[in-house]
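> My structure is below; once you've seen it, I'll send some questions.
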Amino acid sequence: MMKSTFDFKGKVAVVTGGARGIGQCICEQFRLAGASVCTIDLSDNGYFVGDLAKKEDLERFAEKVVSEFGRVDYLINNAPPAVCGIGQASYEDFEYAMQVGVTAPFYLTKLLLPYFNDGSAIVNISSSRDRMSQPQTESYTAAKGGISALTHALAASLAGKVRVNSVSPGWIDTSFTVYSGPDAFQQPSGRVGNPLDIAGMVLYLCSDLAGFIDGENICIDGGMTRQMIYHNDYGWRLNLKGTE
C-alpha cells in the first residue's frame, strides 16, 4: 500500500457524500493516512446510508458516530447538491438543493460540535461556481455560494475550538480521464483536475501544517478563474450562443 504524506492514526474523519467521486477519494486518502472514516451517502458506502436533506437522518448519523467513537477530529462537508435552473426547477427542487448543500453542513456541524477534539478542523467543499456561473445552474451555484459564506461565519463562531476552511474545485473529472487538446489547454495548468487534487488539499487543511489557516476558501481549478477572456484574444471567440 502507498504511504500517505499525512499521519492521522487514531483520528476520526466524518465525510458526507463519500460513496463516489471526490468524497470517495477523500475517504480513501484519510484511511490511507490511518484515520477511521465515517460517511453518510444515499448510496451504499459501508457505514451509513441516509439522506442529508432529512433532519432525522443527520441526527441518526451523528448519534452513530458519537456512540462508536465518542469524538470527531475532522468533518468534511462534501455531498453535492443537485444542479437545476430557474427554467425548470420547482420550489421543492431548489429547497432540496439548499438542504443538502447548506442546511446539512450547518446542522451536522451543530450536532457534532460538543464532540470535536482539540485541533479539529472542518473543510467544506464548495465550487468555483461560487464566483461564476453558467445558465440554468441556480440551485448548485446558490448552494455553493452559501457554503463558502457559511465557512467564514463558522470560522468566526468556532474560533479557538475548530478551524473551518473551504475548497472550491473547478473542473474535476472523477473518473480520472486524461484530456488533451482544448479541454486540457484552456486550463493554465494544462490539464483537467482529478479527485486527488482536492483530497490532498482537504487532508492538508486538516493537518497541523495548516494550523494558521482559518476561514479561508481555496480555489483549485488549474487557474481557470484567474483568466481574463476577451473576444478574439488567445483563440477565445464570442458567438450568439455563448463563448467558444
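The values are calculated or read from the model by the stated rules, or taken from the named source; none is laboratory data. This one's a predicted model, so the numbers in the text were calculated from it and none came from an experiment. Positions of Cβ are generated from backbone atoms using ideal geometry, with glycine treated the same way; all protein chains shown enter the neighbour counts.
> If I go through the stretch 1-49 residue by residue, how many of them are on the phi > 0 side of the Ramachandran plot and either surrounded by 15 or more Cβ atoms within 10 Å (Cβ to Cβ) or among the β-branched types (Val, Ile, Thr) (or both)?
Selection size over the stretch 1-49: 2.
> Yes or no: the stretch 188-196 includes at least one residue that is closer than 30 Å to LEU150 by Cα, of a type outside the set (Phe, Trp, Tyr), in contact with a strand residue (DSSP E or B) (Cβ under 7 Å, 6 or more places away or on another chain) and at pLDDT 95 or above.
Yes, the stretch 188-196 contains at least one residue that is closer than 30 Å to LEU150 by Cα, of a type outside the set (Phe, Trp, Tyr), in contact with a strand residue (DSSP E or B) (Cβ under 7 Å, 6 or more places away or on another chain) and at pLDDT 95 or above.
> So which of LEU240, LEU209 ends up being out of contact with any strand residue (DSSP E or B) (no Cβ under 8 Å at 6 or more places or on another chain) and modelled with pLDDT under 85? Steps first, please.
Values: LEU209 fails: modelled with pLDDT under 85.
Every option except LEU240 fails the conditions.
> Select from the stretch 104-129 the residues that are within 14 Å of the chain's Cα centre (by Cα) and outside any strand (DSSP E or B) and list them in ascending order. If you could, list the steps in order and put the result at the bottom.
Taking the stretch 104-129 first, the residues within 14 Å of the chain's Cα centre (by Cα) are 104-106, 121-129.
ALA104, PRO105, PHE106, SER126, SER127, SER128, ARG129, listed by residue number.
> Could you please tell me which pairs satisfy a Cβ distance under 9 Å, a separation of 6+ or placement on different chains, a first residue in the stretch 1-30 that is under 22 Å from SER168 (Cα atoms), and a second residue that is among the basic types (Lys, Arg)?
From residues that are under 22 Å from SER168 (Cα atoms), the pairs are ALA13/ARG31; PHE30/LYS11.
> Identify, from the list ALA149, ALA143, ALA155, ALA159, the residue that is surrounded by 12 or more Cβ atoms within 10 Å (Cβ to Cβ), hydrophobic (A, V, I, L, M, F, W, C) and free of Cβ contacts under 8 Å to residues at least 12 places away in the same chain.
Numbers: ALA143 fails: free of Cβ contacts under 8 Å to residues at least 12 places away in the same chain; ALA155 fails: free of Cβ contacts under 8 Å to residues at least 12 places away in the same chain; ALA159 fails: free of Cβ contacts under 8 Å to residues at least 12 places away in the same chain.
The conditions single out ALA149.
> Which residue pairs have Cβ atoms under 6 Å apart, sit 6 or more places apart or on different chains, and have a first residue in the stretch 171-185 that is surrounded by 14 or more Cβ atoms within 10 Å (Cβ to Cβ) and a second that is part of a loop (DSSP other than H, G, I, E, B) and hydroxyl-bearing (Ser, Thr, Tyr)?
none
> Working only within the stretch 57-84, note down all residues that are without any contact (Cβ under 8 Å) to a residue 60 or more places away in the chain, surrounded by 16 or more Cβ atoms within 10 Å (Cβ to Cβ) and under 21 Å from the mean Cα position of the chain (by Cα).
Residues satisfying the conditions are ASP57, LEU58, PHE61, ALA62, VAL65, VAL83, CYS84.
> Sticking with this structure for a sec: If the Cβ limit is 6 Å and pairs must be 6+ apart or interchain, which residue in the stretch 114-138 that is touching a residue at least 60 places away in the same chain (Cβ under 8 Å) pairs with which residue that is of a type in the set (Gly, Ala, Ser) and part of a strand (DSSP E or B)?
Cβ pairs passing all conditions: SER126/SER166; SER126/SER168; SER128/SER168; ASP130/SER168.
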